[in-house]
Amino acid sequence: MSKPKILMQLDGDAHASVFDAVVAIDAGVDHLLQYHGVGVDNVRELVHGAMFTRGPQDLQQTAIFIGGSNVAAGERLLKEITRCFFASLRVSVLLDANGANTTAAAAVLAARQCVDLSRSQVTVLAGTGPVGQRAARLLAGEGATVRIASRSLGKAREACDAVRLAVASGRVEPVQTADAAETLAAIDGSQAVIAAGAAGVELLSDATRRGSNGLQALIDLNAVPPVGITGVDPLDKGKNRDGVLCYGAIGIGGTKMKIHRAAIRKLFESNDQVLDAEQVYALGRDILGS
Ligand code: NAP
């Protein structure tokens, strides 16, 4: 008989995320071990506890989830955790700090349902944050031409460099969106726009959007008023608005939650998986059968 499924939830914040805990339980985890304040300096002992307690044949029944609000810290934790593993002594790990991987995957899957990404140009507004950068990376992996937009051209360039490191063949270009005219130039000619700006920040006004050519899909990840793309309702899920398919943050949220639960379940299929943006995205494609 197989051992109960144990998920170790590692979180750098003062309290381990309740949201992540609920998803883990809903995904069928038997025992959830929650740790807060976890960083690269204190994670090793926790990982050893997961690796060395059960025999090798039962290691796939133990897994690690990396959460927390700081995505860069989560990435550092992932590196440190995988450094602890050796030979077959390892457990599977999922990185979804701040929901960045599952949210980016759901956003790109929405775009994929609307346009042929390999033949499209997609602008990621505020593409410098953790969600935007991951969305850009996934889009580049799909063969899209990606414009990463930022109020600062320098930040956009840095984000493009990071995407090229992850996707060597990626076609990415930086664009500055410090005002409405630059925002119009950034989206003009793009088939899809993903708005990945901070909560409560309008990135694209109705007037600017109506000035652009070629738009087929608008995806907004910000649910907090004012929304990122004026005219897209947070509940929109493929809603046709004047010939443009629209997705709002809550409309995307259903797919994001399905991907999150599927990723937790996937962890217990073997003990050697590392689920980051690309692996999480692949799971989303499986879920949507695309
Ligand atoms: P973030 O890091 O907070 O912000 C992303 C970018 O927004 C920043 O890099 C910045 O780009 C731009 N920005 C920040 N303040 C701005 C301002 N006042 N005016 C214009 N631009 C501004 O965002 P994130 O964590 O990547 O998340 C992106 C979006 O996804 C957020 O709206 C978040 O709420 C949503 N989200 C949803 C879920 C979910 O479960 N549904 C999960 C995670 C995230 P520049 O400085 O380069 O211009």
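As a check on your grasp of the helix formula, calculate [θ] at 222 nm for the chain: sum -39500 (n - 2.57) over DSSP H runs of n ≥ 4, divide by the residue count, round to the nearest 500. When only DSSP H runs of four or more count, the value is -12500 deg cm²/dmol. Pairs exceeding a 28 Å alpha-carbon distance, out of 79/258; 5/256; 155/258; 5/239; 3/266; 79/239: 155/258; 5/239; 79/239.
Taking other residues whose beta carbon is less than 15 angstrom from the beta carbon of residue 13, and scoring Lys, Arg as +1 and Asp, Glu as -1, yields -2.
Averaging Cα coordinates gives a centre for the stretch 100-145 and one for the stretch 185-218; these two points are 14 Å apart.
A simple spin-label model places pseudo-atoms 7 Å from Cα toward Cβ; at residue 178 and residue 30 they are separated by 5.9 nm. Normalised Debye scattering of the stretch 62-105 at q = 0.16, 0.23, 0.27 Å⁻¹ gives log10 I(q)/I(0) of -0.42, -0.76, -0.94, counting only Cα atoms as equal scatterers and leaving out solvent. Specify the residue with the greatest mean-square fluctuation among 150, 118, 92, computed from a Gaussian network of the chain linking alpha-carbon atoms under 10 Å apart. Top of the fluctuation ranking is 118.
Is the shape of the stretch 103-252 best called rounded, prolate or oblate, per the rule: a/c under 1.5 gives rounded, else a/b larger than b/c gives prolate, else oblate, with a ≥ b ≥ c the square roots of the Cα gyration tensor eigenvalues?
Details: a/c = 1.42, a/b = 1.24, b/c = 1.14.
Judged from the Cα gyration tensor, the stretch 103-252 comes out rounded (a/c under 1.5).
Relative to the 2.2 N^0.38 Å rule of thumb, the stretch 96-154 has a C-alpha radius of gyration ratio of 1.06.
Overall dimensions of the stretch 25-150, expressed as equivalent-ellipsoid semi-axes from the Cα gyration tensor (√(5λ), whole Å, largest first), are 33, 16, 13. Take the Cα of residue 58, go 7 Å toward its beta carbon, and the backbone nitrogen atoms of the stretch 269-290 under 16 Å from that spot belong to 271.
Counting only C-alpha contacts under 8 Å and six or more residues apart, can you give the relative contact order of the stretch 68-151 as a whole percent?
With pairs under 8 Å counted, the relative contact order is 27 percent.
Residue ranges 99-112, 204-217 sort as 99-112, 204-217 when ordered by packing (mean number of other C-beta atoms within 10 Å per residue, highest first). Here the chain carries DSSP beta bridges of which approximately 10% are antiparallel, counting only pairs with both residues inside. Between residue 207 and residue 19, the simple spin-label model (points 7 angstrom out along Cα→Cβ) gives 3.4 nm. Please tell me the relative contact order of the chain in percent, rounded to the nearest whole number, where contacts are Cα pairs under 8 Å and at least six residues apart. Answer for the chain is 18 percent. When 53, 145 are compared by accessible surface with a 1.4 Å probe, the order from highest to lowest is 53, 145. Evaluate the stretch 144-189: find the radius of gyration of its Cα atoms, find its Kirkwood radius, and give the ratio Rg to Rh. Rg/Rh: 1.00. Three principal axis extents of the stretch 172-290 based on alpha-carbon atoms, in descending order, are 51, 29, 26 Å. If you run the Gaussian network model on the chain, springs between alpha carbon atoms under 10 Å, then out of 155, 79, 256 the most flexible one is 79.
Which of the three applies to the stretch 190-255, rounded, prolate or oblate, going by the alpha-carbon gyration tensor with a ≥ b ≥ c and a/c under 1.5 meaning rounded? Oblate is the answer for the stretch 190-255, as a/c is 1.5 or above yet b/c matches or exceeds a/b. The convex hull of the Cα atoms of the chain, projected and averaged over all directions, covers 14.8 nm².
Would you mind counting up the charge near residue 194? Only other residues with Cβ under 14 Å from its Cβ, with Lys and Arg at +1 and Asp and Glu at -1.
+3
If you take the alpha carbon atoms of the stretch 1-84 and fit the smallest convex hull around them, that volume is 84 Å³ per residue.
The values are calculated or read from the model by the stated rules, or taken from the named source; none is laboratory data. Only a predicted model underlies this, so the values are computations on that prediction, with no experimental measurement involved. Reconstructed Cβ throughout: ideal geometry from the backbone, glycine too, with neighbour counts over all protein chains shown. Areas reflect the complete protein model, heavy atoms only, side chains present, ligands, DNA and RNA absent. Shrake-Rupley method; radii C 1.70, N 1.55, O 1.52, S 1.80 Å.
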